[in-house]
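Each reported figure results from applying straightforward, stated rules to the coordinates on display, with no laboratory input. The model shown is predicted, which means the values in this text are computed figures rather than measured ones. Positions of Cβ are generated from backbone atoms using ideal geometry, with glycine treated the same way; all protein chains shown enter the neighbour counts.
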Amino acid sequence: MFLAQRSLCFPSGRAKFLKTISSSKILGFSASAKMSLKFTNAKRIEGLDSNMWIEFTKLAADPSVVNLGQGFPDISPPTYVKEELSKIAAIDSLNQYTRGFVILIVPFYDCYEPMVRMAGATPVFIPLRSKPVDGKRWSSSDWTLDPQELESKFNSKTKAIILNTPHNPLGKVYNKEELQVIADLCIKYDTLCISDEVYEWLVYSGNKHLKIATFPGMWERTITIGSAGKTFSVTGWKLGWSIGPNHLIKHLQTVQQNTIYTCATPLQEALAQAFWIDIKRMDDPECYFNSLPKELEVKRDRIVHLLESVGLKPIVPDGGYFIIADVSLLDPDLSDMKNNEPYDYKFVKWMTKHKKLSAIPVSAFCNSETKSQFEKFVRFCFIKKDSTLDAAEEIIKAWSVQKS
């Protein structure tokens, strides 16, 4: 029996780990005593203890490494967001507390599959597939679902589909026609749609974010998820929200009440005030919902150019703040890496070790059957300060010179 290893998150984004301590040494129990089978884990959570974030966070913790892997901003949030928290924290009264099948679209945010399995459901996977690009720049819009294949995943036992738009890690923004296909199937098979829209404000020129809950027949069967961390660049606040009809939200409230119970009241109030500030100036270029995507579009284009300069083939995202790139043309010497790992795992470890530039392997966002389809891709995060991107540019340009 052991005390769990705990990850401590610091503002720098690096993580330090407490030493794992055997409680048998503290309590005087015999280390050789066998744990009763009564207290072993349920079968549905077997295999869910593997966490690539721990592995790659530790790898990128070296101060000499430029971290474009994890999706945390190293830019500051808006000043008024921090000011609202400061004002709210001074108010004493606000410092108190206020089985079926689920379809997952591959690649997917890596927490989805464990969440589904831990709820006792069975995940059913369908991959996004790329259209031929014929020599033009690859765009996230080139990756689509096949409508017939998608319908084949639905049946009378399908409880939900998890939709993510804008998409992590591809940056795909689903258009009206694509959302209508999903909506029609949800209605036909009486299926819940859990729509993860945490990047809804980060949509780039020529694209528009649409909420599937606004489609006819979808409000009563949709839960829309939002995030303070993604909206205001405050990922450490760990606040989010769910929007939906009362008959669905009341069950989420029951779970929340009996597990987490509440989120920090000052953070909730500061977030509400920050929203109020920006909602009142939605037509103003200074509104954060307008200024941040414009700022990030410049950073996106810069990273696309840099990646192309060393032979990588980036997929230009229409939304979000990640770029994934095909690294298969680089063909580095990976002989000192573990042979039993996917190619992208070995590539990221090689790049972090030898080039001092970190990323995240995209196969980590896939189920076991689709890992091979995406193992030649890695994900870069570009919501970073210019100084961070400058450091990445120096590394990439030096890399380009070495290749030429």
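Where Lys and Arg each count +1 and Asp and Glu each count -1, what net charge lies around LYS208 among other residues with Cβ under 14 Å from its Cβ?
-2
Hey, can you grab everything whose amide H is under 5 Å from the amide H of VAL106? Only 5+ residues off in sequence or another chain; H modelled, so Pro and N-termini drop out.
Counting only residues 5 or more places away or on other chains, the set is ILE126, LEU128.
So if each residue of separation counts as 0.36 nm, and I subtract the Cα-Cα distance between ASN340 and TYR189, what length gain in nm does that give? Don't skip to the end; give the middle numbers.
Numbers: separation 151, 0.36 × 151 = 54.36 nm, distance 4.03 nm.
Value of the extension gain: 50.3 nm.
Based on the Cβ-Cβ distance of ASP283 and GLU149, what FRET efficiency does E = 1/(1 + (r/R0)^6) give at R0 = 45 Å, to the nearest 0.05?
Approximately 0.60, to the nearest 0.05.
Around SER195, with a cut-off of 11 angstrom between Cβ atoms, what is the net charge of the other residues, counting Lys and Arg +1 and Asp and Glu -1?
Neighbourhood net charge equals -1.
Can you pull the one-decimal nm distance between simple spin-label points at GLN402 and ASP110, each 7 Å off the Cα toward Cβ?
Result: 2.5 nm between the two label points.
For segment 333-398, how many pairs of lysine residues have a Cα-Cα distance under 14 Å, where the two are 8 or more positions apart or belong to different chains?
Number of lysine pairs found: 9.
Tell me the Kirkwood hydrodynamic radius of segment 170-316 in angstroms, computed as one over the mean inverse distance between distinct C-alpha pairs.
After inverting the pairwise mean of 1/r, the radius is 17.7 Å.
If packing is taken as the average number of other Cβ atoms within 10 Å across a peptide's residues, how do 379-390, 208-219, 280-291, 313-324 rank, most packed first? Can you show the working numbers first?
Values: 379-390: 19.0, 208-219: 15.9, 280-291: 12.9, 313-324: 25.2.
Order by mean packing, descending: 313-324, 379-390, 208-219, 280-291.
Using the Cα atoms of segment 88-279, I'd like the radius of gyration and the largest Cα-Cα distance, Dmax, both in angstrom.
18.1, 62
Would you please give the residues with an amide H less than 5 Å from that of VAL66, counting only those at least 5 places away or on a separate chain, with H modeled from the backbone geometry?
Residues meeting the criterion, in which the H sits 1.01 Å from N, are LEU357, SER358.
Using a simple spin-label model with points 7 Å from Cα along the Cα→Cβ vector, what separation in nm is obtained for VAL255 and LYS353?
Distance between label points: 4.0 nm.
Run the reach check for LYS172 against aspartates and glutamates, Cα to Cα strictly under 14 Å, same-chain hits fewer than 8 apart removed. What comes back?
In chain and number order, the partners are ASP142, ASP196, GLU197, GLU200, ASP318.
Where does segment 103-202 land on Rg/Rh, using Cα atoms and the Kirkwood Rh?
My calculation of the ratio gives 0.96.
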